[in-house]
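Each value in this text was obtained by applying a stated rule to the coordinates, not by laboratory testing. Quick caveat, the model's predicted, so the values are computed rather than measured. Backbone-built Cβ (ideal geometry, glycine too); neighbour counts: all protein chains shown.
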Amino acid sequence: MQIDSEQQDDHTVVRVKGRLDTVHAKTFEASLCDTIRDVPGAIVIDMSQVDYIASSGLRSLLIAGKQMKAAQRDLSLSGLQPHVREVFDISGFATIFRIV
Amino acid sequence: MADEVGADSGDGFAGGDSLALAPELNELPRAAGWLEALANRDGLPEAVLFKLQLGLEEALVNVLSYAFPAEGKARAQIRLDYARATGLARLRITDNGVPFDPTCKPDVVNAASIEEAEVGGHGIQLMRHLLDEFSYCHVDGNNRLILGTRLDTAG
């Protein structure tokens, strides 16, 4: 798994590459929480290179989402691949997250 | 308990591919790699592999997290079997841990907002909705969970 972040005009883009599975979810969660703590403003998670997500990956995203909501900051997800989108639809995450 | 978990039980897995796992979460990549190699060998569509990978991971995480309390780990056995039947790719996960039937667990209720959403609980929901076969039985002291995906309708 590879995670990079890039500061843009008024938000930060977090680019994730690889599998959001049980093995990698904790690393992803820790990286995301560090970004939330260290960088102000809105965050967009670019999921266009995530080809697999399990419930453990959903869990990490929800923890990050709750932190951002509590801080009244915007979190959105972009570039969901079809299989990942299906997981979001089934779990209701497509409704509770802002997907662009 | 039978001498070896996953012995032939007349459910279509006799003589197929199998893999024994240790009761550790770090076995997950080996299980995923095993399934991916079989999918490549058999030319399974990408959507079928995705659904089976997800089902296998969710099922194994449950087994590895709850089936073997510390005192039971020494005698723990986990075995995967794979079979490609007509129009269906199937996995059987057999373990000799604490009896647990995931197919009878109700789905979580999807939340209306991030604030209301509870962390966790989507694994069984995903298995139930993505898989075409999701069945369980407890035989000879073993949990047997079968996951199947149709080859023609996976999209």
Projected area, mean over directions - the range B:37-103, Cα convex hull, nm²: 5.2 nm²
Linear extension gain, A:V13 paired with A:T95, 0.36 nm per residue minus alpha-carbon span: 27.4 nm
Theoretical ellipticity at 222 nm over chain A - DSSP helices of four or more residues, -39500 (n - 2.57) apiece, nearest 500: -14500 deg cm²/dmol
Relative contact order of chain A: what whole-number percent is it, with Cα pairs under 8 angstrom and at least 6 residues apart? 27 percent
Can you tell me the Rg and Dmax of chain B, counting just the alpha carbons, in angstroms? 15.6, 50
Partner chain Cβ atoms within 10 Å, averaged over the residues of B:43-52 - can you pull that number for me? 2
Work out the mean other chain Cβ neighbour count within 10 Å for the residues of A:39-50 and drop it here as an integer. 0
How fast does the protein assembly as shown diffuse by Stokes-Einstein, in µm²/s, taking the Kirkwood radius from C-alpha pairs at 10 °C and 1.306 mPa s? 83 µm²/s
Cα-based Rg/(2.2 N^0.38 Å) for the range A:2-99, rounded to two decimals, is 0.97
In nm, spacing of pseudo-spin labels at A:Q81 and B:K73 (7 Å Cα→C-beta vector): 3.3 nm
Anyone know which of B:S135, B:S113, B:S65 comes out most mobile in the 10 Å Cα GNM of chain B? B:S113
Here the net charge surrounding B:C137, from other residues whose Cβ is less than 9 Å away from its Cβ (Lys, Arg +1; Asp, Glu -1), is -1
Lys/Arg +1, Asp/Glu -1 at C-beta; the range A:2-99 dipole; positive extreme among A:V13, A:Q81, A:A64: A:A64
Using +1 on the beta carbon of Lys and Arg, -1 on that of Asp and Glu, and nothing else charged, what's the dipole of the protein assembly as shown about the Cα centre, debye to 20? 120 debye
For B:N40 and B:D107, extending 7 Å from Cα along the Cα-Cβ vector and measuring point to point gives, in nm, a value of 3.5 nm
Using +1 at the C-beta of Lys and Arg and -1 at the C-beta of Asp and Glu, which of B:F134, B:V119, B:P102 has the Cα lying farthest in the positive direction of the dipole of the range B:17-150? B:F134
Between A:C33 and A:K66, what is 0.36 nm times their sequence separation minus the Cα-Cα distance? Round to one decimal in nm. 10.8 nm
Simple label model, 7 Å out from Cα along Cβ direction - B:E118 to B:A20, nm: 3.8 nm
Protection proxy ranking, peptides B:47-54, A:13-20, B:68-75, average beta carbon neighbours within 10 Å, highest first: B:47-54, A:13-20, B:68-75
For chain B, what's the relative contact order in percent, using C-alpha pairs closer than 8 Å and at least 6 residues apart? 30 percent
Can you give the average number of partner chain beta-carbon atoms within 10 Å of each beta-carbon in peptide A:51-58, as a whole number? 6
What does the net charge come to around A:L80 if you take all other residues with beta carbon closer than 15 Å to its beta carbon, with K and R at +1 and D and E at -1? +1
